[in-house]
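Each value in this text was obtained by applying a stated rule to the coordinates, not by laboratory testing. Keep in mind that this is a model prediction, so the values were computed, not measured. We place every Cβ from the backbone using ideal geometry, glycine too, and count neighbours over all the protein chains shown.
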Amino acid sequence: MLRPIFPAVLAVAFAAVAGIAISQEVQTGAQNGGQSQAAFQNMTPEQRAAATRAFLGLGPEPDKAAAARGAPLYQQACAFCHGPQAHGATGSSLITADEVLLDDHGEHLAPFLKKGRPEKGMPAFATMSDDQLKDISEFVHLQVEEVANRGTYHLLNIVVGNRESGQAYVAAHCLSCHAAEAFAHFGSRFRSAEQLQRGWIWPSRAGSGTNSGGNSRDNSLVITATLKTPEGDTIAGRVTQMNDFRITLVDSAGQTHVIERKPGVDVEIRDPLAAHREMIMTLTNEDMHNVTAYLDSLK
């Protein structure tokens, strides 16, 4: 069984996952990657946590009831050394401790706590019952879960901005590309304010391209390119793969073209989300909150 991943490794893993998701989105025209991303976004917090747990190969889900019983025991006996959330204090962090990561529900950790490690300054908890030690184990496992499984994170209310300021931001930065009518009932298109905020900052390309039956979908967000070869040929189409060495296009007839990006090949890329990419570079937290509040009010 795979064990919970170290926090530092997790950061790399999530970066890699994000890269894969983006790559899939471009390579397939969001047929698979976009659908999966949309499905994940539409999950409840509990479903997201379960999906993330399955993807990362984490151990069994901690017993939250037992963890609640173990919390005061941990704070009394362990927090002064290992920190209130087991992240470390005068002693080491338990989040990456082998004794924790190799344990499921206290079957190894409880005997370890009962015995202690006096030679390294860790006292034995011989007076605690096995049930109490297992409850402490579950509390520690829950702390690992909250670090490793970001799907368990519950967002608080994010509609905290000023609507009027958000409307002014939209007028100044968005109406040059979007018609005012595009914002009608915008807030009712999303299941939550979290999805709305993510949706307006970086709209999903899901639904772009063609579906599995070959039928056209909304192509408004598809990345397209026009290439001119040294021989004078012009090729245009939807980008399915692109790097520094080659670019793959699917033209209007459905034919795939793989072109080496060598000297003399002129490539013009059209990415409908380029303006959003530029906006992200200057978007402040205050602007983000204000626009979210304004768009959420457009029911």
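Run down the lysines and flag those whose C-alpha is under 26 Å from the C-alpha of K262, throwing out any fewer than 8 positions away in its chain.
K228
Arrange the following residues from fewest to most other Cβ atoms within 10 Å of their Cβ: K228, K115.
Ascending number of Cβ neighbours within 10 Å: K115, K228.
Using θ = phi - 60° and the Karplus curve 6.51 cos²θ - 1.76 cosθ + 1.60, what whole-Hz ³J(HN,Hα) does each residue of the range 224-232 get, with Gly and Pro shown as x?
Whole-Hz 3J(HN,Hα) from phi for the range 224-232: 10, 8, 10, 10, 10, 8, x, 7, x.
Cut-off is 10 Å between beta-carbons; in what order do E286, E194 appear when sorted fewest neighbours first?
Ascending number of Cβ neighbours within 10 Å: E286, E194.
Could you list which residues have their amide H under 5 Å from that of Q241, counting only those 5 or more apart in sequence or on another chain, with H placed in the peptide plane?
T248
What are the ³J(HN,Hα) values, in whole Hz, obtained from phi via the Karplus relation 6.51 cos²θ - 1.76 cosθ + 1.60 with θ = phi - 60°, for each residue of the range 123-139 in sequence order, with x given for Gly and Pro?
Karplus values, whole Hz, x for Gly and Pro: x, 7, 10, 5, 7, 7, 6, 4, 5, 5, 5, 5, 5, 4, 4, 5, 4.
Amide H neighbours of R261 under 5 Å, at least 5 residues apart or on other chains, H built in the peptide plane: list them.
Counting only residues 5 or more places away or on other chains, the set is R246, I247.
May I ask you to list the aspartates and glutamates whose Cα is less than 19 Å away from that of K64, ignoring any residue fewer than eight positions away on the same chain?
E46, D103, D104, E107, D130, D131, D135, E138, E145, E146
With θ set to phi - 60° and the Karplus curve 6.51 cos²θ - 1.76 cosθ + 1.60, what are the ³J(HN,Hα) couplings of the range 83-92 in order, to the nearest whole Hz, using x for Gly and Pro?
x, x, 10, 6, 8, x, 8, 5, x, 7
Going by C-beta contacts inside 10 Å, put V100, V140 in order with the fewest on the left.
Ascending number of Cβ neighbours within 10 Å: V100, V140.
R0 = 25 Å: FRET efficiency of E146 with T284, Cβ-based, nearest 0.05?
0.30
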